[in-house]
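A.B. asks: Provided herewith is a single structure, encoded as structure tokens, for subsequent inquiry.
The values are calculated or read from the model by the stated rules, or taken from the named source; none is laboratory data. Because the structure is predicted, anything quoted here is derived from the model rather than measured. Glycine also receives a Cβ, built like all others from the backbone with ideal geometry; neighbour counts cover every protein chain displayed.
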Amino acid sequence: MMLSGWGRHPALDCRLERLRRWEDLPGLLHRGTTLIARGNGRAYGDAALNPNLTLSTLAMNRMRAFDAGTGLLDCEAGVLLADILETFAPRGWFPPVVPGTQLVTVGGMIAADVHGKNHHAEGTFGAHVESLTLAGADGAMRTCSRAENADLFRATLGGMGLTGLILSARFRLRPIETAFLMAETLAARNLDEAMALFEASRDWPFSVAWIDCLARGAGLGRSLLTRGAFMDAGALPPSLASSPLVPASRGKLRVPFDAPSALPNRVSIGFFNELYYRRGRRRVRTGARPVHFDRFFFPLDRIEAWNRLYGRRGFVQYQCVLPKGKSAAGVAALLECAAASGQGSFLAVLKLFGSAGDGLMSFPMEGYTLALDFPVRHGTAALLDGLDEITHRHGGRVYLAKDAHCAPERVREGYPRLGAFEAVRAEAAGGRPRFVSELSRRLAL
Ligand SMILES: Cc1cc2nc3c(=O)[nH]c(=O)nc-3n(C[C@H](O)[C@H](O)[C@H](O)COP(=O)(O)OP(=O)(O)OC[C@H]3O[C@@H](n4cnc5c(N)ncnc54)[C@H](O)[C@@H]3O)c2cc1C
């Protein structure tokens, strides 16, 4: 069937099989083809695609054990973050790191070593994984942790599924007293102010900024920074105090059809940015207020299939990270390049990262990460080349979970531990990697 990532670009004709029992895996491996695991398909580009065999893990979704004394959860890799939240948040437990959507699997979160709005404080999801079980191309299952098969463990965090199939993982949830965060939004007139606000918000566990990417000149980087912290039960206003751990309301909007490709244009993007900024300014005036975690962390999940808004040809998300000292100049150059191309972005998100973790191919490094969305159209490839060049010049790298375009040499330059990763991957595969994706083929990994 035709398969793609969340950006719907590229779409490839893939043989998709659903793994229902781990015992079926050796039979699939015996066929001798290359294969790649697929979680919930939320990586934007080509990371979870292999025309020969793409193996869905969604049916492997059992939670196997939970220790209410320590918060340690043991679950299969196909479990969705949404299911963990639904099961455990009402009981007062929350994952240490969550990405911007809850519609991802545990396997996908480990393979991309995802980051959240708290990377400056907590690092990546992988930093909280105590151990995982990995099936290699030989069908053997290995327990990997920082103490056992440590190299394979570090290669699997952020390894984009190329070291094998993650079967299960153990990680610790955190206690929460309420489902609400005290959140406040602050306005920054330009990029320097936005970065100063991030620095001033270091003691806040969660922070993120939305940039109006159509603002230019002295207003380049005009943004709204939102920061938040989970509230204690005693701090809730009376209206919320009776059910502090209330689940999110389920109301959702759905995009029923593909938007015409002409829709995301300069006018509509300008209109969206202006509207968003005005709404945000209202929040700035309102001051700090309680916000349910669902709304705080996963605002886009409220609009089902929002990726159709970009039309049938799909879209790409460009996300890179730049080292701290070069972030101000680099982010400014990236925003200028995007604005000059005339291909404005609905979403431009800036986050502060803390220090890099131990995953050999993990994306974060200490500095700032910028994410921009662009509809796929004539000229998009040239724009992405331009952005890659700026990222490279400023010593940064792109996020493989979002990528559908980057050139092999750019990835080699950006990921200094790639050589070590390839050595571990080759050894685990007995010299001939079987876990291969369209991404690894494109990047000659
Ligand atoms: C709206 C939105 C917001 C996002 N926000 C963030 C964010 O804030 N931070 C962030 O870091 N990411 C973010 N992402 C990206 C997303 O978290 C990652 O791409 C994640 O990997 C998707 O998980 P998935 O289960 O959908 O995996 P898929 O997209 O299906 O696969 C992603 C990669 O994981 C591998 N994989 C999946 N399951 C396994 C397994 N069992 N064993 C081995 N490999 C496996 C695949 O081979 C592939 O390489 C966002 C994505 C969307 C759509």
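A.B. asks: Taking the stated definitions as given, is residue 430 buried (at least 23 other Cβ atoms within 10 Å of the Cβ) and more than 20 Å from residue 317 (Cα to Cα)? Outline the logic, then answer.
C.D. replies: Details: buried (at least 23 other Cβ atoms within 10 Å of the Cβ): no; more than 20 Å from residue 317 (Cα to Cα): yes.
No; evaluated as a whole, the condition is false for this residue.
A.B. asks: If we keep just the residues of the range 40-75 that are acidic (Asp, Glu) and touching a residue at least 60 places away in the same chain (Cβ under 8 Å), which is surrounded by the most Cβ atoms within 10 Å (Cβ to Cβ)?
C.D. replies: Restricting attention to the range 40-75, the residues satisfying the condition of being acidic (Asp, Glu) are 46, 67, 74.
Checking the rest, the ones that are also touching a residue at least 60 places away in the same chain (Cβ under 8 Å) come to 46, 74.
On the way: 46: 27, 74: 17.
Selected residue: 46.
A.B. asks: Quick test for you: out of 383, 309, pick the one residue that is without any contact (Cβ under 8 Å) to a residue 60 or more places away in the chain, under 22 Å from residue 409 (Cα atoms) and in a helix (DSSP H, G or I).
C.D. replies: That would be 383, the only listed residue that is without any contact (Cβ under 8 Å) to a residue 60 or more places away in the chain, under 22 Å from residue 409 (Cα atoms) and in a helix (DSSP H, G or I).
A.B. asks: Looking at residue 142, is it free of Cβ contacts under 8 Å to residues at least 60 places away in the same chain, in contact with a Ser or Thr (Cβ under 9 Å, 6 or more places away or on another chain) and surrounded by fewer than 24 Cβ atoms within 10 Å (Cβ to Cβ)? Talk me through it step by step, then tell me what you get.
C.D. replies: Numbers: free of Cβ contacts under 8 Å to residues at least 60 places away in the same chain: yes; in contact with a Ser or Thr (Cβ under 9 Å, 6 or more places away or on another chain): yes; surrounded by fewer than 24 Cβ atoms within 10 Å (Cβ to Cβ): yes.
So residue 142 fits the description; yes.
A.B. asks: Which of the following residues is touching a Leu at 6+ places or on another chain (Cβ under 9 Å) and at pLDDT 95 or above: 417, 442, 393?
C.D. replies: On the way: 442 fails: touching a Leu at 6+ places or on another chain (Cβ under 9 Å); 393 fails: touching a Leu at 6+ places or on another chain (Cβ under 9 Å).
The unique qualifying residue is 417.
A.B. asks: Which of the following residues is over 18 Å from residue 36 (Cβ atoms), modelled with pLDDT of 95 or more and buried (at least 22 other Cβ atoms within 10 Å of the Cβ): 161, 126? Give the steps one after another, and end with the answer.
C.D. replies: On the way: 161 fails: over 18 Å from residue 36 (Cβ atoms).
After applying the criteria, what remains is 126.
A.B. asks: To continue, here is another question. Here are some residues: 58, 12, 49. Which one is farther than 29 Å from residue 377 by Cα and not assigned by TED's automatic domain parsing to the domain that holds residue 113? Outline the logic, then answer.
C.D. replies: Details: 12 fails: farther than 29 Å from residue 377 by Cα; 49 fails: farther than 29 Å from residue 377 by Cα.
Among 58, 12, 49, only 58 is farther than 29 Å from residue 377 by Cα and not assigned by TED's automatic domain parsing to the domain that holds residue 113.
A.B. asks: Could you list, in sequence order, the residues of the range 202-228 that are in contact with a strand residue (DSSP E or B) (Cβ under 6 Å, 6 or more places away or on another chain), surrounded by fewer than 21 Cβ atoms within 10 Å (Cβ to Cβ) and farther than 20 Å from residue 282 by Cβ?
C.D. replies: Selection gives 205 alone.
A.B. asks: Do any helices (runs of 4 or more DSSP H) lying entirely in the range 233-297 carry at least 1 residues that are at pLDDT below 85, of a type in the set (Asp, Glu) and within 27 Å of the chain's Cα centre (by Cα), and which ones are they? Quick ask: steps written out before the conclusion?
C.D. replies: Details: elements: 238-241, 266-286, 293-297.
Because the criterion is at least 1 residues that are at pLDDT below 85, of a type in the set (Asp, Glu) and within 27 Å of the chain's Cα centre (by Cα), the helices (runs of 4 or more DSSP H) in the range 233-297 that meet it are 266-286.
A.B. asks: Ok, one more. Of all residues in the range 390-432, which are touching a Lys or Arg at 6+ places or on another chain (Cβ under 6 Å), at negative phi and touching a residue at least 60 places away in the same chain (Cβ under 8 Å)?
C.D. replies: Within the range 390-432, just 394 meets the criteria.
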